[in-house]
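Below: one structure, written as structure tokens.
The values are calculated or read from the model by the stated rules, or taken from the named source; none is laboratory data. Owing to the predicted nature of the structure, the values given are computational and were not obtained by experimental measurement. Cβ coordinates were reconstructed from backbone atoms using ideal geometry, including for glycine residues, and neighbour counts include every protein chain displayed.
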């Protein structure tokens, strides 16, 4: 046996049974989280789902707009919980490229949604008003037909 392999058997284990190919958690690989980390994310996700459910089902707010805004705030919080606890995104992961990609995605989504809302708002404001009775248009006013000259 060589000096390097003297402490390992043929299967790559040292005398205590440890694997020689064990990876150090700080060797540059991505952080995968602990069970406590995942449970914390799960509990926060359940809470951030249950509260909006209760808000809507319990009719907590009188205004539907207020309820929608509150639910959207909880949705954004839910997104951040998933990004931090399950996707392990932080400014240091992958040299900051994960966070840069997330910021780019958020910018594109905001541009797309706000542009869509702007276009729909303008379409709504510029549409011709419909008659109160329904979708049918009134017939055009009758115009007198000129009389044909007679050939006598």
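Numerical summary
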read-out: Unmet requirement for residue 95, which otherwise passes all of (1) out of contact with any helix residue (DSSP H, G or I) (no Cβ under 9 Å at 6 or more places or on another chain); (2) at negative phi; (3) at pLDDT below 90; value: (2)
read-out: Qualifying position, being modelled with pLDDT of 85 or more and within 15 Å of the chain's Cα centre (by Cα), among 113, 44; value: 113
read-out: Matching residues in region 116-141 - criterion: being at pLDDT 80 or above and more than 24 Å from residue 80 (Cβ to Cβ); value: 118, 119, 120, 121, 122, 123, 124, 125, 126, 127
read-out: Residue 73 vs. criteria assigned to a helix (DSSP H, G or I), surrounded by 10 or more Cβ atoms within 10 Å (Cβ to Cβ), out of contact with any strand residue (DSSP E or B) (no Cβ under 8 Å at 6 or more places or on another chain) and in contact (Cβ under 8 Å) with a residue 12 or more places away in the chain; value: no
read-out: Pair list, Cβ < 6 Å and 6+ apart or interchain, from region 101-124 residues that are in contact (Cβ under 8 Å) with a residue 24 or more places away in the chain to residues that are outside any helix (DSSP H, G or I) and surrounded by 10 or more Cβ atoms within 10 Å (Cβ to Cβ); value: none
read-out: Qualifying residue in region 78-100 (condition: over 30 Å from residue 34 (Cβ atoms), part of a helix (DSSP H, G or I) and either without any contact (Cβ under 8 Å) to a residue 60 or more places away in the chain or touching a strand residue (DSSP E or B) at 6+ places or on another chain (Cβ under 8 Å) (or both)); value: no
